[in-house]
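Chemist: Below are the C-alpha cells for one structure; questions will follow.
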Amino acid sequence: MNERSENQSNFVIPPPKYSFERIENHVPIHLLHTQAYCERQIYLEHVEGIEAPPSAEMISGSEKHDALEEEHIEKAEIELSIGNAFVKSEKEGITLISREVFVLGSATYGRIDEIIIEPKRLIIVDDKPNAIPYFTNQVQVWGYCHTFKEMYQPEIPIFGALRHVDTGEITWMDQFQEEHALRVIDGVKRIQAIFSGESQGEPTSNARKCNSCRFRQSCKK
Ligand code: SF4
C-alpha cells in the first residue's frame, strides 16, 4: 500500500490543518489505546499528574512519523480540502493520500497518520512500530474512523488499517461498522469518567503489562 502508482497522488490539506491544543471536554483519540490497555494509566497520568519518561518506542515512533510526514510533503503535488479530495478521487478514478489529518468530533479529537481516499472506499491508517495488530491499536483506529465519520460523513465505506512503520506492510484492515462506533463511545465515556473524578480507571489484571509499564513505580494497584 505504500507503493506509489501512476493513479495515485499525495495531497496536503489547506491550513489550518490541525491543532495541538487540548480541546476542552474532548478526549484525545490516542487515549482509547491506553483505555483498552490499562485505564489506570490514564488516571495516573491525567488526574494524579504523574510524569513518566517516554519509552524508547515512543521516541523512535515520533521520529519515524516526522520523517514520513516530511517525505509526504515533498511528494505532495496538490492542496485540496478533504471534501474536494473525495470529489476528485471519484471523478478521476484516482487514489489520493494525505497525512497528519486533524479530526474533531462531538467528544473526540486527534490526528490521523494517513488517509487513503480511493474512488470506492476510504482507508484510515495508523502507523505502529510492531507487526502485531493488537486490539488496543484497533480500538484507537476505530476512534479515528468514528471521529472522521462524524466530521465529514463520507458516502463511501471507511476501513481502518494498521501498518508496520518500518516495513510499510499493512498488518490488519477491517471495515468500520456500528459495533466499532459503540466500542469507541463506551471507551470515551470511561475516559471522561476518569477525567471527572468519578472513576480511578480499572487496572489491568495482566501482570505482563505491569512489568513493562511506565507508571509501575507510582501505581498502587
Ligand atoms: S502498573 Fe499495571 S495496573 Fe498500574 S498503571 Fe501500569 S499497567 Fe496499569
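The values are calculated or read from the model by the stated rules, or taken from the named source; none is laboratory data. Remember, it's a predicted structure, so these values are computed and weren't measured experimentally. Heads up, the Cβs are rebuilt from the backbone with ideal geometry, glycines too, and the neighbour counts pull from every protein chain shown.
Chemist: Could you list, ordered by first residue, the pairs with Cβ atoms under 8 Å in which the first is in the range 134-160 and surrounded by 15 or more Cβ atoms within 10 Å (Cβ to Cβ) and the second is of a type in the set (Ser, Thr, Tyr) and not in a helix (DSSP H, G or I), at least 6 apart or interchain?
Modeler: Between residues of the range 134-160 that are surrounded by 15 or more Cβ atoms within 10 Å (Cβ to Cβ) and residues that are of a type in the set (Ser, Thr, Tyr) and not in a helix (DSSP H, G or I), the close pairs are 143/108; 146/108; 147/108; 147/109; 150/106.
Chemist: For the range 10-35, what are the residues that are buried (at least 21 other Cβ atoms within 10 Å of the Cβ) and either among the hydrophobic types (A, V, I, L, M, F, W, C) or modelled with pLDDT under 95 (or both)?
Modeler: The answer is 11, 27, 29, 31, 32.
Chemist: Kindly check whether there is at least one residue in the range 111-118 that is at pLDDT 95 or above and surrounded by fewer than 15 Cβ atoms within 10 Å (Cβ to Cβ).
Modeler: Within the range 111-118 (the criterion being at pLDDT 95 or above and surrounded by fewer than 15 Cβ atoms within 10 Å (Cβ to Cβ)), the answer is no, since none of the residues qualifies.
Chemist: Also, quick follow-up: Any residue at all in the range 137-144 that's closer than 16 Å to residue 27 by Cα, within 16 Å of the ligand (Cβ to nearest atom) and not β-branched (Val, Ile, Thr)?
Modeler: So far as the range 137-144 goes, no, none of its residues is closer than 16 Å to residue 27 by Cα, within 16 Å of the ligand (Cβ to nearest atom) and not β-branched (Val, Ile, Thr).
Chemist: Another question about this same structure. Within 16 Å of the ligand (Cβ to nearest atom), in contact (Cβ under 8 Å) with a residue 12 or more places away in the chain and either under 28 Å from residue 23 (Cβ atoms) or of a type outside the set (D, E, K, R) (or both), is that true of residue 218?
Modeler: The answer is yes for residue 218.
Chemist: Please enumerate the residues belonging to the range 50-104 that are farther than 17 Å from residue 122 by Cβ and acidic (Asp, Glu).
Modeler: Selection gives 51, 57, 63, 66, 69, 70, 71, 74, 77, 79.
Chemist: For the range 27-67, which residues satisfy the criterion of being part of a helix (DSSP H, G or I), over 18 Å from the mean Cα position of the chain (by Cα) and touching a residue at least 40 places away in the same chain (Cβ under 8 Å)?
Modeler: Matches in the range 27-67: 40, 41, 43, 44, 45, 46, 47.
Chemist: If you don't mind, there's one more thing I want to ask. Please go through the range 68-82 and give me each residue that is of a type in the set (Asp, Glu) and either in contact with an Asp or Glu (Cβ under 8 Å, 6 or more places away or on another chain) or in contact (Cβ under 8 Å) with a residue 24 or more places away in the chain (or both), ordered by number.
Modeler: 69, 77, 79
Chemist: Still on this structure: Regarding the range 25-45, can at least one residue be identified that is more than 16 Å from the ligand (Cβ to nearest atom) and either polar (S, T, N, Q) or over 17 Å from residue 193 (Cα atoms) (or both)?
Modeler: Yes; the residues of the range 25-45 include at least one that is more than 16 Å from the ligand (Cβ to nearest atom) and either polar (S, T, N, Q) or over 17 Å from residue 193 (Cα atoms) (or both).
Chemist: Looking at the range 167-214, which of the residues that are assigned to a helix (DSSP H, G or I), free of Cβ contacts under 8 Å to residues at least 60 places away in the same chain and charged (D, E, K, R) is farthest from the ligand (Cβ to nearest atom)?
Modeler: Checked the range 167-214; the qualifying residue farthest from the ligand (Cβ to nearest atom) is 178.
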